[in-house]
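Here the structure comes first, spelled out in structure tokens, and everything after it is commentary.
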Amino acid sequence: MKQLIVKLILPLSIISFALFTKWWHVFVEDVPDTFFTGFPLPYVCKGWHTSLSLQIFIGELLFDFLIYFLFWYIMALAINYLGVQIKIPKLFSKGLWVISIFFLTVGIILTLNPDNIFYSRCTFKMQVKKTGYTIGGYNITKPNCYNIPK
């Protein structure tokens, strides 16, 4: 099972963590409406102090990654429980790791911005207006939550 974690579960967790997420359009007290992203908990949003910065919530981020990891771990256990032996070809495993390292590199580069702010937990009082799911963080359009006709 240790080889399965290294060859399959960990790279799939990283890839799915980077690609599949949920967006949250929220109103936060004393700031403009903003988007949070993360599934099942929002763990990142735009920084309010300067442009191109992020606010990253470490506790929520770690919890979300743990959920992704446990999902793939339970899937592998269920397949093994059914009696199907999971054999990962070397080329497939290396391909997964190349994709995982790409997503890790992009995430690390975005995180290393000196203007980013890190919090242990999200303590903002917020009112969720709309939510939705996205692949790769694309196609998120700002919903009309002010009841203003277009």
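Quick look at the values:
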item: Residue satisfying all of: in the stretch 98-122; of a type in the set (Val, Ile, Thr) and in contact with a strand residue (DSSP E or B) (Cβ under 9 Å, 6 or more places away or on another chain); farthest from PHE17 (Cα to Cα) among these; result: ILE117
item: Count - residues of the stretch 105-128 that are in a loop (DSSP other than H, G, I, E, B), at pLDDT 85 or above and within 15 Å of THR37 (Cα to Cα); result: 2
item: Cβ pairs under 8 Å, 6+ apart, first in the stretch 109-138 and in contact (Cβ under 8 Å) with a residue 12 or more places away in the chain and at positive phi, second assigned to a helix (DSSP H, G or I) and surrounded by 12 or more Cβ atoms within 10 Å (Cβ to Cβ); result: GLY136/ALA18; GLY136/LEU19
item: Pairs with Cβ under 7 Å, 6+ apart, first in the stretch 77-102 and at negative phi, second among the small types (Gly, Ala, Ser) and assigned to a helix (DSSP H, G or I); result: ILE86/ALA76
item: Selection within the stretch 102-112 - out of contact with any Leu (no Cβ under 9 Å at 6 or more places or on another chain), of a type in the set (A, V, I, L, M, F, W, C) and either under 15 Å from GLN3 (Cα atoms) or surrounded by 13 or more Cβ atoms within 10 Å (Cβ to Cβ) (or both); result: PHE102, LEU104
item: Sole exception among (1) at pLDDT 90 or above; (2) of a type in the set (A, V, I, L, M, F, W, C); (3) under 30 Å from THR131 (Cα atoms) for PHE27, by number; result: (1)
item: Unmet criterion (only one of (1) exposed (fewer than 13 other Cβ atoms within 10 Å of the Cβ); (2) under 16 Å from ARG121 (Cβ atoms)) for SER51; result: (2)
item: Restricting the stretch 59-85 to residues that are among the β-branched types (Val, Ile, Thr) and surrounded by fewer than 13 Cβ atoms within 10 Å (Cβ to Cβ), the residue that is farthest from THR21 (Cα to Cα); result: VAL84
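Here is a yes/no grid of residues against (1) in contact with a strand residue (DSSP E or B) (Cβ under 8 Å, 6 or more places away or on another chain); (2) in a loop (DSSP other than H, G, I, E, B):
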residue: PRO40; (1), (2): yes, yes
residue: TRP48; (1), (2): yes, yes
residue: PHE63; (1), (2): no, no
residue: MET75; (1), (2): no, no
residue: ILE88; (1), (2): no, yes
residue: LEU96; (1), (2): no, no
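To keep it simple, each residue is scored yes or no on (1) surrounded by 15 or more Cβ atoms within 10 Å (Cβ to Cβ); (2) free of Cβ contacts under 8 Å to residues at least 24 places away in the same chain.
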{"residue": "LYS2", "(1), (2)": "no, yes"}
{"residue": "ILE14", "(1), (2)": "yes, no"}
{"residue": "ALA18", "(1), (2)": "yes, no"}
{"residue": "VAL26", "(1), (2)": "yes, no"}
{"residue": "ASP33", "(1), (2)": "yes, no"}
{"residue": "VAL44", "(1), (2)": "yes, yes"}
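To keep it simple, each residue is scored yes or no on (1) in a helix (DSSP H, G or I); (2) at pLDDT below 95; (3) touching a strand residue (DSSP E or B) at 6+ places or on another chain (Cβ under 8 Å).
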| residue | (1), (2), (3) |
| --- | --- |
| PHE36 | no, yes, yes |
| SER51 | no, yes, no |
| GLN55 | no, yes, yes |
| ILE79 | yes, yes, no |
| GLN85 | no, yes, no |
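The values are calculated or read from the model by the stated rules, or taken from the named source; none is laboratory data. These numbers come from a predicted model, not from an experiment. Neighbour counts are summed over all protein chains in view; Cβ atoms, including those assigned to glycine, are modelled from backbone coordinates with ideal geometry.
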